[in-house]
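A short worksheet on the structure shown next.
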Amino acid sequence: MRKADPDFYPLLEKMRRIQSSGAVALRVKKTDNRDALMMVFRKRVDKEVEQEGREVRRMLGLREEGGEFRVVYGSAPGSDEEVALLTRSIIEILSDISSTVEVPAEHVAEKRVLPTMEPDGEGIKGTMIRILCSTAKPSDNFAAVPYRDRWFWIDDRDYRSKRLFSFLMFAMTLTETGGKEGAPIVTINAGG
């Protein structure tokens with residue numbers, strides 16, 4: 001897992017606050033007969049949220065007075081009216097998440113795995129999902145899997161981990177590219 005740019009977490013915290021206030025949203029807009037994803041900053045907000053919105057726009061290199069910005073795929077925006085996002089693949093996301101799985105010390109000593117990466121802090125900087133490890137089968141788990149005489153599991157009382165795990169399972173089903181061999185066939189008699 002790669003450490004984030006030092007400005008990344010402050011930006012996320014600010015964006016979370018202004019999004020929670022309803023001052024920023026995403027919408028799809030038709031431009032040039034194509035759909036464009038837009039980030040929209042609302043105008044009628046309180047002074048504190050307005051200031052935070054200006055700071056977010058400044059951090060993103062956007063026009064501070066602007067209200068609508070196009071979201072594009074890429075590592076650099078083409079102008080101060082675009083937000084460029086370079087997203088990760090599912091495998092990259094899973095690789096980052098796997099770096100925080102609790103692993104047995106003997107597996108690290110045997111060079112089977114890297115040590116568990118410790119989170120930078122709490123909140124956004126903390127571990128996104130907590131996958132525990134034990135020799136005994138867990139009694140109160142949300143999900144559990146045996147591997148190399150150990151159990152790796154998510155505690156049923158860990159709502160944050162359960163939510164992310166469920167989201168990842170949903171995202172992976174959306175990206176499945178399996179064939180349509182098992183699709184049902186419906187025959188309707190149209191000729192009598």
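The values are calculated or read from the model by the stated rules, or taken from the named source; none is laboratory data. Just so it is clear, the model here is predicted, and its values are computed rather than measured. All Cβ positions, even for glycine, are placed from backbone atoms using ideal geometry, and neighbour counts span all protein chains on display. The accessibility values were calculated without ligands, DNA or RNA, using every heavy atom of the protein model including side chains. Shrake-Rupley method; radii C 1.70, N 1.55, O 1.52, S 1.80 Å.
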Percent antiparallel among DSSP beta bridges with both residues in the stretch 1-106, to the nearest 5?
75
Would you mind telling me the share, in percent, of accessible area of the chain contributed by carbon and sulfur at probe 1.4 angstrom?
53
Does the stretch 72-141 classify as rounded, prolate or oblate by the C-alpha gyration tensor (a ≥ b ≥ c root eigenvalues; a/c under 1.5 gives rounded; else a/b over b/c gives prolate, otherwise oblate)?
prolate
Hey, with R₀ at 45 Å, roughly what FRET efficiency would A109 and S20 work out to, going by the Cβ-Cβ distance, to 0.05?
0.55
Which parts of the stretch 87-108 would a label at R150 reach, counting a residue when its backbone N lies under 19 Å from a point 7 Å out along Cα-to-Cβ?
94-108
Note: K47 to Y73 extended length (0.36 nm per residue) minus current alpha-carbon separation gives 6.2 nm
I93 and E176 label points (each 7 Å along its Cα→Cβ direction) are spaced in nm at 1.7
Between rounded, prolate and oblate, where does the chain land on the alpha carbon gyration tensor, with a ≥ b ≥ c its root eigenvalues, rounded for a/c under 1.5, else prolate if a/b exceeds b/c?
oblate
At 1.4 Å probe size, what's the solvent-accessible area of L174? Round to the nearest 10 Å².
120
How much accessible area per residue does the stretch 32-109 have, counting only protein heavy atoms and a probe of 1.4 Å, in square angstrom?
66
What aspartates and glutamates does K137 reach when the alpha-carbon gap must be under 13 Å and sequence neighbours fewer than 8 apart in one chain are set aside?
D149, D155
Given Cα pairs under 8 Å that are at least 6 residues apart, what percent is the relative contact order of the chain?
12
Sequence neighbours fewer than 8 away in the same chain don't count; with that in mind, list the aspartates and glutamates whose C-alpha is under 14 Å from K43.
E52, E64, E65, E68
